[in-house]
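Since every read-out is calculated from the coordinates, none of them should be taken as a lab result. The shown structure was predicted, so the numbers you read here are calculated from the model rather than taken from an experiment.
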């Protein structure tokens with residue numbers, strides 16, 4: 001069998017925006033690229049990535065032991081009554097063997113292509129991870145104008161305590177992906193506004209190399225950028241929040 005030459009709409013050049021509102025206002029944005037693929041496309045995706053500096057490691061997700069991802073993620077969605085027809089993953093690839101993935105998104109679609117649930121896998125810079133499972137309690141489809149809320153349970157930024165909530169909004173269609181995440185404190189005041197937005201493109205050998213050559217240190221710069229911004233905030237006199245123990249449950253339902 002011939003090796004696949006492309007995977008449709010599996011490359012996602014993105015613009016990522018952060019706007020911090022507390023305790024001092026600060027905003028920045030950067031460009032990069034992510035993978036955006038249906039889980040049943042993974043073998044073809046891997047075949048293409050082998051010819052590039054990009055990579056996808058199964059052990060970066062799920063149970064993080066290298067075990068199959070599809071039974072795991074379907075089991076997660078089944079816990080809240082979601083039986084997807086198709087599951088997509090939006091995540092950073094490995095580049096030159098390295099990746100730090102602040103947040104990856106598993107999207108559960110029904111037979112009509114409507115979004116029914118999302119699992120947000122969050123990693124912090126301390127090597128810990130936690131996930132938030134998002135859906136409507138009555139199981140109805142998630143519209144691109146609707147916000148889903150989850151209580152914050154996981155330490156991410158050393159400048160924010162583990163309290164308050166997140167609100168998420170998802171636009172996911174054949175052409176474009178846009179994910180908005182707003183973080184609110186316990187009093188309901190916005191702390192941080194984040195947006196990831198991009199247009200889906202076909203992934204092939206040429207498009208992968210084009211993104212790599214345009215941003216050859218992207219994976220490293222994600223980590224460097226996080227620490228550089230933290231240093232600037234600390235130098236501005238913002239105190240650090242003590243890191244608590246991670247939550248006992250892997251997933252916030």
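Any chance you could tell me what percent of the C-alpha pair distances in segment 6-252 go past 24 Å?
46 percent
For segment 54-137, what is the per residue volume of the convex hull drawn over the alpha-carbon atoms, in cubic angstrom?
Value for segment 54-137: 97 Å³ per residue.
Which log10 I(q)/I(0) values does segment 103-229 give at q = 0.15, 0.20, 0.21 Å⁻¹ under the Debye formula, counting every alpha carbon as one identical point scatterer?
Calculated log10 I(q)/I(0) at the listed q: -0.87, -1.30, -1.35.
So what is the 222 nm mean residue ellipticity for the chain from helices alone, if each DSSP H run of at least 4 adds -39500 (n - 2.57) and you divide by all residues, rounding to the nearest 500 deg cm²/dmol?
Calculated from helices alone, the mean residue ellipticity at 222 nm is -5500 deg cm²/dmol.
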